[in-house]
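Okay, so here's the structure we're looking at.
The values are calculated or read from the model by the stated rules, or taken from the named source; none is laboratory data. Please read these numbers as outputs of a predicted model, since none were measured by experiment. Every residue, glycine as well, gets a Cβ built from its backbone with ideal geometry; the counts of neighbours run over all protein chains shown. Ligands, DNA and RNA are stripped out before the accessible areas are found, and what is left, the full protein with its side chains, is counted by its heavy atoms. Shrake-Rupley method; radii C 1.70, N 1.55, O 1.52, S 1.80 Å.
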Amino acid sequence: MSEKIVVDKLTKYYGTFKALSNVSFNVNKGEVFGLIGPNGAGKSTTMRSMLNFIFPSKGSITINGLDSKEDYLKIRSLIGYLPGEFTTYENMNGQEYLKHILHLRKIPQNENYVKKLAKRFDLDLSKKAKNLSKGNKQKIGIIQAFCHDPEILILDEPTSGLDPLKQQVFDDLILEYKEKGKTIFISSHVLPEVEMLCDRVAIIKDGRIVAENTMSKLKSMAMNRFEVIFKNEIREKGFGKSIGVKKIIRSGDKYIFDIEGDVNKFIKKITENKVSSFKSIEPDLEEIFLSFYKKRGKGVK
Amino acid sequence: MLSNILLKSLWDFRKAAIYWFISIFLLALYIIFVLSSIELNAFQTIIDSFPKALTQFIAGESGIDFGSIEGFLNAQIFTIMAPIFAISVAVNSGGKSTALEETNQSLDIILSTPITRENFLIQKVSSMIVKTLFISSAHWISYYLLSIFFSENISAEGLFAICLNLFLMGISFGMIAIYIGTLNGNSTNAIALSGGLALVSYLIANIAPLVDSLDATKYSSLFYYYKSGDPLKYGIHNWHWAPFIATSIIFFALSLLQFKKRNLQ
């Protein structure tokens, strides 16, 4: 089975408020799929619906061919989950907490794997949670999600609170899991991380998926950016407005143009001047994200 | 001790259990020591001069009997102190059982493991029952052992009966707290509302019999069934345990339905 997660027209109402609207996407086996969007866009609602914590008003979620409402127990044994706000029990140390989770998962024999993960994250399991920093608590959260070597990982803001070194450890772990053919669904505010880890990304806005594609396709769909050096002075005000020039930034003799319209018309326009240098700048995920967020249009696929 | 939710919950209670037991035992020691050292009949003469309404308001319909150690325990310990202890533990445990885990979002992790909501709730209910049983048993053991030690004549059967009622009343209010907690996952509301309900129940049981027109309302109070049969003196009442069982079962069923169907916070 190549499609491990299928979300089909997922809609969720809270009273009259529509938290999710026809959210659809799928995640294939061995793929790292990212869901990005600001707070309140619907990322956590989507993830918590997958775990059957929230019941969809309409639509369906299938995980490994199992229905999220009917077969949720089977699904839970396949999944490793990290919520957006991970909380452990303050009166327990890391070892006790993780032992408890292993018992609940009926795999107490995985204690050695947990210790290996703790060593990798440089986590002292003997300290009580109340004495741990946010980052160290988050490490416990990450370890509990991985402790049963799950087929599918659902991770909501997994690197929140981690220092850059431990973020790297986490990234390496994700890539190892990907190599093992595991499926990973991740939401994050750390866009460079999503860009580095994810094969495909969906952008969610006000409960709707506004874009979903591979990183390279998203880049091509986003606003185009060009760096141009002219030999002569140009009149910045109103330059190319009619052909979709949205923004001009000048730095010395260098001009950066953000274009939403036809690139050919833009090229034609700038060649009306004397150009000494012209290059296209590839946008990063943050720019793509902002570009889709600024567009008020409907869903783009 | 951490192999399931029930055992984990009891493991969390271990220190509190020791403190509760010491407190209950010391209180019992103090009371029995004092009562065995004074002339109780002199007390009763003073109490007899009080208006009946006042004694009923303090100790319920049976009034205050300070002429015997059983009467003193009935009027003082098992009317106020022991119910406060048992209900506090039951309501605190019940109110926090699902609601606090939900508020803290620790519930998300537990329910991401292969455990159903029903299973989780049942283990939390069991934990509340065991904790309340512990408090009731601590009363029974303390007063039973100390009455033997001080050669005081306290009916073992009566003591068992009042402690059984204490346990049953405790779990009734604990179940109400659990139910309120399942409504919206707010543990503060669950504890405050069920605790408040226990207070109202106490007042109804003690005030209603003073006013003829309100007398019938006493049957709506769980406190009425707890003590009106005078279990310390007469043992287990024929059916006064039934309202506790019925309340517990009804609120357990409602909690299950509510917790199963609701979106988690």
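For A:Asn110, are the conditions met, namely being in contact (Cβ under 8 Å) with a residue 60 or more places away in the chain, open to solvent by less than 60 Å² (accessible area, probe 1.4 Å), in contact with an Asp or Glu (Cβ under 8 Å, 6 or more places away or on another chain) and more than 10 Å from every other protein chain (Cβ to nearest Cβ)? So A:Asn110 does not fit the description; no. Just one of (1) among the β-branched types (Val, Ile, Thr); (2) within 14 Å of another protein chain (Cβ to nearest Cβ); (3) open to solvent by 20 Å² or more (accessible area, probe 1.4 Å) fails for B:Ile80. It is (2).
Here A:Ala118 passes the criteria (1) within 27 Å of the chain's Cα centre (by Cα); (2) more than 9 Å from chain B (Cβ to nearest Cβ); (3) open to solvent by less than 10 Å² (accessible area, probe 1.4 Å); (4) under 21 Å from B:Gln105 (Cβ atoms) except the one numbered (4).
Being more than 14 Å from chain A (Cβ to nearest Cβ), buried (at least 17 other Cβ atoms within 10 Å of the Cβ), closer than 30 Å to A:Gly141 by Cβ and not basic (Lys, Arg) is a property that does not hold for B:Ser88. In the set (1) buried (at least 23 other Cβ atoms within 10 Å of the Cβ); (2) within 13 Å of chain B (Cβ to nearest Cβ), the condition left unmet by A:Leu78 is number (1).
With respect to A:Glu85, determine if the residue is surrounded by fewer than 16 Cβ atoms within 10 Å (Cβ to Cβ) and either closer than 16 Å to A:Phe185 by Cα or at the interface with another protein chain (Cβ under 9 Å from one of its Cβ atoms) (or both).
Details: surrounded by fewer than 16 Cβ atoms within 10 Å (Cβ to Cβ): yes; either closer than 16 Å to A:Phe185 by Cα or at the interface with another protein chain (Cβ under 9 Å from one of its Cβ atoms) (or both): yes.
Considered against the rule, which asks whether it is surrounded by fewer than 16 Cβ atoms within 10 Å (Cβ to Cβ) and either closer than 16 Å to A:Phe185 by Cα or at the interface with another protein chain (Cβ under 9 Å from one of its Cβ atoms) (or both), A:Glu85 comes out as yes.
The residue of region A:91-107 that is farthest from A:Gly141 (Cα to Cα), among those that are under 29 Å from the mean Cα position of the chain (by Cα) and touching a residue at least 40 places away in the same chain (Cβ under 8 Å), is A:Arg105.
Can you find a residue that is more than 14 Å from every other protein chain (Cβ to nearest Cβ), aromatic (Phe, Trp, Tyr) and either open to solvent by less than 60 Å² (accessible area, probe 1.4 Å) or under 25 Å from the mean Cα position of the chain (by Cα) (or both) anywhere in region B:42-51? No: region B:42-51 contains no residue that is more than 14 Å from every other protein chain (Cβ to nearest Cβ), aromatic (Phe, Trp, Tyr) and either open to solvent by less than 60 Å² (accessible area, probe 1.4 Å) or under 25 Å from the mean Cα position of the chain (by Cα) (or both). Checking each residue in region A:88-107 for being of a type outside the set (Ser, Thr, Tyr), more than 7 Å from chain B (Cβ to nearest Cβ) and touching a Ser or Thr at 6+ places or on another chain (Cβ under 6 Å) picks out only A:Asn93.
One residue is enough: does region B:21-41 have a residue meeting the conditions within 28 Å of the chain's Cα centre (by Cα), part of a helix (DSSP H, G or I) and within 14 Å of chain A (Cβ to nearest Cβ)? So that I can check it myself, show each step before the final result.
Our first condition is that a residue be within 28 Å of the chain's Cα centre (by Cα); within region B:21-41, this holds for B:21-36, B:40.
If we keep only those that are part of a helix (DSSP H, G or I) as well, we get B:21-36, B:40.
Those still in the list that are within 14 Å of chain A (Cβ to nearest Cβ) too: none.
The answer is no; no qualifying residue exists.
Condition test on A:Lys58, is it over 25 Å from B:Leu100 (Cα atoms), open to solvent by 60 Å² or more (accessible area, probe 1.4 Å) and more than 13 Å from chain B (Cβ to nearest Cβ)? I'd like the intermediate steps shown before the answer.
Numbers: over 25 Å from B:Leu100 (Cα atoms): yes; open to solvent by 60 Å² or more (accessible area, probe 1.4 Å): yes; more than 13 Å from chain B (Cβ to nearest Cβ): yes.
Answer is yes for this residue.
Within region A:151-197, being open to solvent by less than 10 Å² (accessible area, probe 1.4 Å), within 12 Å of A:Phe33 (Cβ to Cβ) and of a type outside the set (A, V, I, L, M) holds for A:Thr183, A:Phe185, A:Ser187, A:Ser188.
For region B:5-20, the candidate set comprises residues that are open to solvent by 70 Å² or more (accessible area, probe 1.4 Å) and within 14 Å of another protein chain (Cβ to nearest Cβ); within that set, the residue that is nearest to B:Gln123 (Cα to Cα) is B:Arg14.
Among the residues of region A:151-174, write down those that are under 17 Å from A:Lys4 (Cβ atoms) and outside any helix (DSSP H, G or I).
Here is the first cut: in region A:151-174, the residues under 17 Å from A:Lys4 (Cβ atoms) are A:151-155, A:174.
A:Glu151, A:Ile152, A:Leu153, A:Ile154, A:Leu155 - these are the residues of region A:151-174 that are under 17 Å from A:Lys4 (Cβ atoms) and outside any helix (DSSP H, G or I).
Scanning region A:9-20 for residues that are at negative phi, surrounded by fewer than 19 Cβ atoms within 10 Å (Cβ to Cβ) and part of a strand (DSSP E or B) turns up A:Thr11, A:Tyr13, A:Tyr14, A:Phe17, A:Lys18. Counting the residues of region A:61-74 that are outside any loop (DSSP other than H, G, I, E, B), within 14 Å of another protein chain (Cβ to nearest Cβ) and charged (D, E, K, R) gives 1.
Check region B:59-68 and report whether any residue there is within 24 Å of B:Gly195 (Cβ to Cβ), more than 14 Å from every other protein chain (Cβ to nearest Cβ) and open to solvent by less than 70 Å² (accessible area, probe 1.4 Å). Steps first, answer last, please.
Here is the first cut: in region B:59-68, the residues within 24 Å of B:Gly195 (Cβ to Cβ) are B:59-61.
Keeping just the survivors that are more than 14 Å from every other protein chain (Cβ to nearest Cβ) gives B:59-61.
With the extra rule that they be open to solvent by less than 70 Å² (accessible area, probe 1.4 Å), the set shrinks to B:59-60.
The answer is yes; a qualifying residue exists.
Taken together, B:Ile236, B:Ile180, B:Ile191 contain a single residue that is part of a loop (DSSP other than H, G, I, E, B), surrounded by 14 or more Cβ atoms within 10 Å (Cβ to Cβ) and either among the aliphatic types (A, V, I, L, M) or in contact with a strand residue (DSSP E or B) (Cβ under 8 Å, 6 or more places away or on another chain) (or both), which is B:Ile236.
Among the residues of region A:85-107, the one identified as assigned to a helix (DSSP H, G or I) and of a type in the set (Ser, Thr, Tyr) is A:Tyr97.
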